[in-house]
Amino acid sequence: MQPKQAVGPMKKEPVKVREQDALKRAASFDEVVLGYNEEEALREAVRCTQCKNPACIAGCPVGIDIKKFIKEMTEKDYKGAYFTIREKNDFPSICGRVCPAEYQCRKTCVFTKKGAPYASEQAINIHFLERFVGDYGMKNDLQIPSTKNPRLSKYKVAVVGSGPAGVCCAGELARQGIKVVVFEALHKPGGVLRYGIPPFRLPRDIMDFELDYLKKLGVEIVTNYIVGKAKGLDELFKEGFSAVFLGLGAGVPSFLGIKGENLCNVYSANEFLTRVNLMSAYKFPEYHTPVNIGKAVVVIGGGNTAMDAARAALRIQKMNAMASNTTIMYRRTEVEMPARRLEIEHAKEEGVKFRLLVQPGEFIGDENGFVKKLRCLECKLGEPDSSGRRRPVAISGSDFEVDCDMAVIAVGLAANQVLTRVTPQLKTDKYSDVIVDQNTMETSVDSVYAGGDIVGGEGTVIEAMGMAKKAAAAIIERLLRQ
Amino acid sequence: MKILKKEILADIAGTKVVKLEVSSPDIAKKAQPGQFIALMVSDKGERIPLTIVDADKVSGTITLILQEAGLTTRLLGKMSPGDSLYALVGPLGHATEIKKYGKVVLVGGGVGIAEIYPVAKALKAAGNHVTTILGARTKDLLILEKELKAVSDELLIATDDGSCGRKGFTTDILDETLNKGVCALVYSVGPIPMMRRSAAVTSNYKVKTIVSLNAVMVDATGMCGCCRVTVGGKTLFSCVDGPEFDAHQIDWDEFVKRNRIYEDKEKHVCNLNKL
């Protein structure tokens, strides 16, 4: 806790959000953060000083009028607050749960100390307020009235990918009366929200509610369908689609490139989390997809994916009556970890161990090809690199071994290339991300737009939605011009 | 995703091979030899890859052939015409490079015979001289003999017990065939030991050899890396970079081990389900 000190006119302490007990929750996949009730939400909302020039709004990738929605909350006008958020954000219940607010709106909140790497604890808990309002809207079935434009009803737009960017774009277009068909490769929609984010962070009923809303708008979601395989972009246009939005995502796992990485039980975070989240492997054998779980699990990385993987692994250990032994291994220190601060705290509370300033060197296996040990090197921090974070430097001669009968590699993701590989006219950059016009999100192919992680690499849900909105606006403008 | 036809191709001594015709017009339209699909039998099922053995653009159906081995294939074997798969996606993976090579030898073992059939058909149509070598434990487990005969210039058979063709291994016949004359390409699909032996045999003759790997997959679209395989010192994904690879470049030891990651769990779940 930070010392009680008067920062500006604020006197009250932030309202702590209610959470499930750490020991209990670590043995289940139920949601960890329980959220604010009305009284708590109001207490937190009145902490907002309603700055004359609110910096929080600029910190939000989609520019939610944070000041206004918090004001409406203090007036108990939750409906008004909901619509204020919905003007910019289609999925407040999702973003209120997964937004890294401490790096965005809360970081620019007046209560965050200048130059801090992330939001101070005193910063208004904007994300918890958003979640409260989003859940209120969901419970009361508040829906944005669609403003169907008769001039647009004759058009059909295809959306490829049903992750945050795809569903956001689909919603924007459908509300204007455009017929939207979303194509999803997997058997369930949601993209990374479904396969990447565990239910203990984002309960499936929340996601399903938001997806159902799309269906109510008339959006057709076609699962088990790979554009680029079952159908090409040109065929979509031939079938009468007027535009295509690509929300392909960054779903290709990066590996470390070290020895022994292909040993059994060395997982990419994507594989481990897909098995657990999408395929419900934690309920094996009721669900048929297996996942192995080690006695000594090491998760490599310091982002949200690493936290998710470690916390999921720890849960499966506990659910199988094993001693919890899951360690996050990261080359830098906790300050440089890109994960949400809340996830780091939660992981620690649940019993995930942290081994910092350590770099993996080699996985060592047994005679059956299963990983048994991990050889590592100690690191120290050197000069800042291109990301602005201090570069980890391995200390030679500091080799040591740790027990590791399962490892999860969570060191980043790259662009999905199934479609771009077969569509050479779609220009990509050196990372295989799709190149777009920053103003319209249009790609090098006429009438094909893109947004989300396939543009500019791994980002947040809200950033993906921001791009999707921009693309949707450009698509609408173009169709109105036709 | 509806199963339209089902045929039991073989059913002896605990080994059952089933052929399914499934409705899937868009996949049927695009499927090429060498490609595969991923499917789920139920909402609680796992995703498994299966080769597209045949595709009929007109009727909009694809043909799958499977040998009951793990839980999912056994559940598939219990499905009937009229039933629907829970999920079916494809066509996945790269197609076989079909062109005129000259003389080609195809080796199919067990249910792998199903995989070489579309390739043999396409290679024959491209003007190649096709020699097909089929192998099975016993005569009654030999599948697609008639179909392959129709698309091969020469058909040779080996069975473990000698009940059909030669008693012995396909790779013995492969060795003799290569010894007899020049061959431009060997295409081998079957149990891992057979593919591996094929590679060993053909490396003596320096013949380009392609195998189609049956790696463990989850999404089968390049997102999980479960199916990774080392080829020529590089880690590749079977699902999007394969499933076919140069047999001489594969790290077979690693592949054998990676294919057994879930062996214990598979046995456990089959026992539980009394399958």
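The values are calculated or read from the model by the stated rules, or taken from the named source; none is laboratory data. Everything numeric in this text was worked out from a predicted model, so none of it was measured. Backbone-built Cβ (ideal geometry, glycine too); neighbour counts: all protein chains shown.
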Odd one out for A:G96 among (1) under 30 Å from A:R175 (Cα atoms); (2) of a type outside the set (A, V, I, L, M); (3) out of contact with any Asp or Glu (no Cβ under 6 Å at 6 or more places or on another chain): (3)
Residue that is modelled with the highest pLDDT, among those in region A:331-348 that are of a type in the set (D, E) and buried (at least 16 other Cβ atoms within 10 Å of the Cβ): A:E343
Identity of the residue in region A:189-226, among the basic types (K, R) and out of contact with any Leu (no Cβ under 7 Å at 6 or more places or on another chain), that ends up nearest to the other protein chains (Cβ to nearest Cβ): A:R204
Residue list for region A:438-482, restricted to those being without any contact (Cβ under 8 Å) to a residue 24 or more places away in the chain and either closer than 25 Å to A:P100 by Cα or in contact with a Ser or Thr (Cβ under 8 Å, 6 or more places away or on another chain) (or both): A:Q438, A:V455, A:G456, A:G459
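Yes or no: A:E362 of a type in the set (D, E, K, R), over 13 Å from A:D308 (Cα atoms) and at pLDDT below 95? If you could, list the steps in order and put the result at the bottom.
Numbers: of a type in the set (D, E, K, R): yes; over 13 Å from A:D308 (Cα atoms): yes; at pLDDT below 95: no.
Here the answer is no, as A:E362 does not meet what is asked.
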Residue in region B:108-122 that is surrounded by fewer than 17 Cβ atoms within 10 Å (Cβ to Cβ) and touching a residue at least 24 places away in the same chain (Cβ under 8 Å) present: no
Lone qualifier among B:S163, B:S188, B:S203, B:S152 - being under 26 Å from B:P49 (Cα atoms) and of a type outside the set (K, R): B:S188
Tally, over region B:32-88, of residues that are within 18 Å of B:D11 (Cβ to Cβ), of a type outside the set (A, V, I, L, M) and more than 20 Å from the chain's Cα centre (by Cα): 3
Among (1) out of contact with any helix residue (DSSP H, G or I) (no Cβ under 6 Å at 6 or more places or on another chain); (2) outside any strand (DSSP E or B) - the single one A:E343 does not satisfy: (1)
Any hit, region B:48-65, residues being touching a strand residue (DSSP E or B) at 6+ places or on another chain (Cβ under 6 Å), within 10 Å of chain A (Cβ to nearest Cβ) and either more than 19 Å from B:I113 (Cβ to Cβ) or not charged (D, E, K, R) (or both): no
Top-ranked residue of region B:36-46 - restricted to ones that are buried (at least 24 other Cβ atoms within 10 Å of the Cβ) and not aliphatic (A, V, I, L, M), ranked as farthest from the other protein chains (Cβ to nearest Cβ): B:F36
Residue within region B:199-208 that is at pLDDT 95 or above and within 14 Å of chain A (Cβ to nearest Cβ) present: no
Tally of residues being of a type in the set (A, V, I, L, M), assigned to a loop (DSSP other than H, G, I, E, B) and over 21 Å from B:E147 (Cβ atoms) across region B:81-111: 1
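Within the group B:A126, B:A122, which residue is at pLDDT 95 or above and more than 25 Å from B:G222 (Cβ to Cβ)?
Working: B:A122 fails: more than 25 Å from B:G222 (Cβ to Cβ).
So the residue among B:A126, B:A122 that is at pLDDT 95 or above and more than 25 Å from B:G222 (Cβ to Cβ) is B:A126.
Here is a list: B:E21, B:E7. Which entry is crowded, with 16+ Cβ neighbours inside 10 Å, among the acidic types (D, E) and within 20 Å of the chain's Cα centre (by Cα)?
Details: B:E7 fails: crowded, with 16+ Cβ neighbours inside 10 Å.
None of the others qualify; the one that does is B:E21.
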Matching residues, region B:240-255, being over 16 Å from B:V189 (Cβ atoms) and under 18 Å from the mean Cα position of the chain (by Cα): B:V240, B:D241
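Somewhere in region A:208-230, is a residue small (G, A, S), farther than 20 Å from A:A468 by Cα and in contact with an Asp or Glu (Cβ under 6 Å, 6 or more places away or on another chain)? Lay out the reasoning, then the answer.
Residues of region A:208-230 small (G, A, S): A:218, A:228, A:230.
Adding the requirement that they be farther than 20 Å from A:A468 by Cα leaves A:228, A:230.
Filter again for in contact with an Asp or Glu (Cβ under 6 Å, 6 or more places away or on another chain), leaving A:230.
Checked against the condition, which is being small (G, A, S), farther than 20 Å from A:A468 by Cα and in contact with an Asp or Glu (Cβ under 6 Å, 6 or more places away or on another chain), region A:208-230 yields at least one hit.
So is A:D308 farther than 22 Å from A:Y431 by Cβ, acidic (D, E) and in contact with a Leu (Cβ under 7 Å, 6 or more places away or on another chain) or not?
Numbers: farther than 22 Å from A:Y431 by Cβ: yes; acidic (D, E): yes; in contact with a Leu (Cβ under 7 Å, 6 or more places away or on another chain): yes.
Against the criterion (farther than 22 Å from A:Y431 by Cβ, acidic (D, E) and in contact with a Leu (Cβ under 7 Å, 6 or more places away or on another chain)), A:D308 qualifies.
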Residue in region A:278-287 that is within 11 Å of chain B (Cβ to nearest Cβ), at positive phi and surrounded by fewer than 20 Cβ atoms within 10 Å (Cβ to Cβ) present: yes
Inter-residue pairs, beta-carbon under 7 Å, first part of a helix (DSSP H, G or I) and in region A:160-174, second of a type in the set (D, E, K, R), 6+ apart: A:C168/A:D90; A:C168/A:K469; A:G171/A:D90; A:E172/A:K469
Strands (runs of 3 or more DSSP E) enclosed by region B:172-275 - at least 3 residues per element that are in contact (Cβ under 8 Å) with a residue 12 or more places away in the chain: B:185-189, B:209-212, B:228-231, B:244-246
Every residue from region A:99-127 that is surrounded by 24 or more Cβ atoms within 10 Å (Cβ to Cβ) and among the hydrophobic types (A, V, I, L, M, F, W, C): A:C99, A:A101, A:C105, A:C109, A:A119, A:A123, A:I124, A:I126
Candidate set: region A:227-257, residues that are under 27 Å from the mean Cα position of the chain (by Cα) and surrounded by fewer than 19 Cβ atoms within 10 Å (Cβ to Cβ); chosen: the one nearest to the other protein chains (Cβ to nearest Cβ): A:F255
B:V119 being under 12 Å from the mean Cα position of the chain (by Cα) and over 17 Å from B:E68 (Cα atoms): yes
The lone exception for A:G166 - which of (1) farther than 23 Å from B:C224 by Cβ; (2) buried (at least 24 other Cβ atoms within 10 Å of the Cβ) it fails: (1)
